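Heads up: the structure comes next, in structure tokens.
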Amino acid sequence: MNKINLNILIILVVTLPLHAQDATEIVRKADQLMRGESSYMEMKMTIIRPDWQREMTLKGWSKGRDRSLMVITAPARDKGTTFLMRDKEIWNWVPSIERTIKIPPSMMMQSWMGSDFTNDDLIKESSIVEDYHHTLLGTETIRGYDCYKIEMTPKPEAAVVWGKIRIWIAKETYFQVQVEYYDEDGYLVQTMNLSEFKKMDDRTIPTRLEMIPADPDKAGHKTVVEYLEADFNIDIDDTFFSQQNMKRVR
């Protein structure tokens with residue numbers, strides 16, 4: 001092998017893993033910004049359709065990547081409905097029938113409470129850091145933000161619902177600005193736009209998330225999540241995330 005070819009080989013060996021690591025680190029920082037080591041959030045969700053809209057309010061707690069609990073606080077007909085994720089197992093407490101239902105992985109692509117978010121989007125069974133390979137595609141300006149454009153493809157062993165995800169992360173702040181979700185055949189299913197960046201607790205985060213389906217038959221459909229309050233790195237015990245607490249939390 002001549003000296004020129006050897007130099008090219010060295011550049012490829014050294015540079016390619018570095019780009020992969022850079023992309024993963026970018027995604028890790030963006031994910032950490034939104035969740036912290038633990039968190040508490042109050043949210044409002046508005047489901048918008050061409051001829052009607054519906055609102056609900058929620059409270060959510062999380063710890064690490066494998067514990068979360070979310071309870072609906074309004075409207076009255078859904079109040080007390082609770083979702084628990086612990087160690088990748090997910091349960092739903094339905095007070096109207098006083099039953100706890102285990103949600104199987106096959107239901108993670110289904111609509112969450114009739115919204116444009118999936119169960120996986122809201123309950124976060126999959127991790128954008130741990131369950132995907134990350135490739136830095138380049139940079140792009142989205143709504144005035146200079147962003148990293150990263151493509152995420154599932155690891156072979158990962159139990160995820162998307163064929164791939166493309167995410168735009170602001171360079172200076174690591175805000176997630178836009179996320180596109182694709183099915184296994186490479187078709188765009190939905191796009192999430194993040195905006196209204198405000199300081200909550202010790203950090204500035206996007207406080208408005210709009211999920212818009214790509215299906216032309218769903219023109220005019222949209223679901224908006226607004227963060228009303230957020231506290232990060234709170235003191236919360238693992239025992240809080242239990243099936244017993246699903247029935248008590250308010």
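Every number in this text was worked out from the coordinates using simple rules, so none of it is lab data. Remember, predicted model here, so these are calculated numbers, not experimental data. All Cβ positions, even for glycine, are placed from backbone atoms using ideal geometry, and neighbour counts span all protein chains on display.
Figures for the structure shown
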item	result
Cα pair distances exceeding 22 angstrom across the chain, given as percent	58 percent
GluC sites (Glu not before Pro) within region 97-199: DSSP coil, no more than 16 neighbouring Cβ in 10 Å	GLU98, GLU130, GLU157, GLU172, GLU184
Rg over Rh [alpha-carbon atoms, Kirkwood Rh] for region 159-250	1.06
Over the chain, relative contact order from alpha-carbon pairs under 8 Å, at least 6 apart, %	21 percent
Burial ranking of peptide ranges 199-211, 100-112 (average Cβ count within 10 Å, highest at the top)	199-211, 100-112
Angle between the chain longest axis and helix 3-35 axis [Cα atoms, degrees, rounded to 10]	20 degrees
Extension gain (nm, one decimal) between TYR40 and THR100, 0.36 nm per residue minus Cα-Cα	19.3 nm
Three-way shape label, region 85-127, alpha-carbon gyration tensor, a/c 1.5	oblate
Efficiency of FRET from Cβ geometry, ASN233 and GLU172, R₀ 22 Å, rounded to 0.05	0.50
Those residues of region 142-172 whose amide nitrogen sits under 15 Å from the label point placed on MET109, 7 Å along Cα→Cβ	154, 159-165
Simple spin-label estimate for LYS199 and TYR187 in nanometres, 7 Å along Cα-Cβ	4.6 nm
Projected label distance in nm at ARG77 and ALA219, using a 7 Å step from Cα toward the beta-carbon	2.9 nm
Ranked packing of 59-68, 231-240, most packed first, by mean Cβ within 10 Å	59-68, 231-240
Sparse-neighbour loop sites [trypsin sites (Lys or Arg not before Pro); region 117-185; at most 16 other C-beta within 10 Å; DSSP]	ARG143, LYS171
